[in-house]
Amino acid sequence: MTLLEAFQFLKSCHRRAPFLFFNGNTFAEIARALANALFNDLPFHRRKEASSAVAHFITGVLPQEMMIAAIKSLCQAADFGPGDRVKTLRGSLHGVIVKVLDDGRVVWRPDRAEAELTALPESLCADDPTGD
């Protein structure tokens, strides 16, 4: 059984919740725990976002394609350079890397803002402005 098949099975169990005494959130938590264990090598915030995407898929809030895209994005190495387009893990801010500091942190400028922010590269994802 693949990981996706396991998640699809948990989603099917969640959908039968009326016959299981409305324990649907139980299946989301099982998937969240499974994702946390399997993505253990990811930095904490990326692992948290991955498990959240899986739980949202199980409960029917997030389509399968979006869950897969989110997990793929979160599993990519955070190796940025000046000029790279980035976004926050939740996608609430988009911007461009200005410079990489000696200690590995990145300075980036959100779109439509003059301020520069400093962040760990693990707290950002590559941003595809085309949405592909």
Note on the stretch 34-51: residues free of Cβ contacts under 8 Å to residues at least 12 places away in the same chain and outside any helix (DSSP H, G or I) are Asn40, Asp41
Can you pull out the residues in the stretch 52-66 that are in a helix (DSSP H, G or I) and surrounded by 12 or more Cβ atoms within 10 Å (Cβ to Cβ)?
Ser52, Ala53, Val54, Ala55, His56, Phe57, Ile58, Gln64, Met66
Filtered residues of the stretch 104-124 (kept if farther than 14 Å from Arg46 by Cα and part of a loop (DSSP other than H, G, I, E, B)):
Gly104, Arg105, Asp111, Arg112, Ala113, Glu114, Ala115, Glu116
In the stretch 67-103, what count of residues is obtained for those that are assigned to a loop (DSSP other than H, G, I, E, B) and within 23 Å of Ala50 (Cα to Cα)?
11
Looking at (1) more than 18 Å from Leu4 (Cβ to Cβ); (2) surrounded by 19 or more Cβ atoms within 10 Å (Cβ to Cβ); (3) of a type outside the set (S, T, N, Q), which one does Ala78 not meet, given that it meets all the others?
(2)
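No value in this document is a laboratory result; all are computed from the given coordinates. Worth saying up front: this structure is predicted, and the values here are computed from it rather than measured. Glycine also receives a Cβ, built like all others from the backbone with ideal geometry; neighbour counts cover every protein chain displayed.
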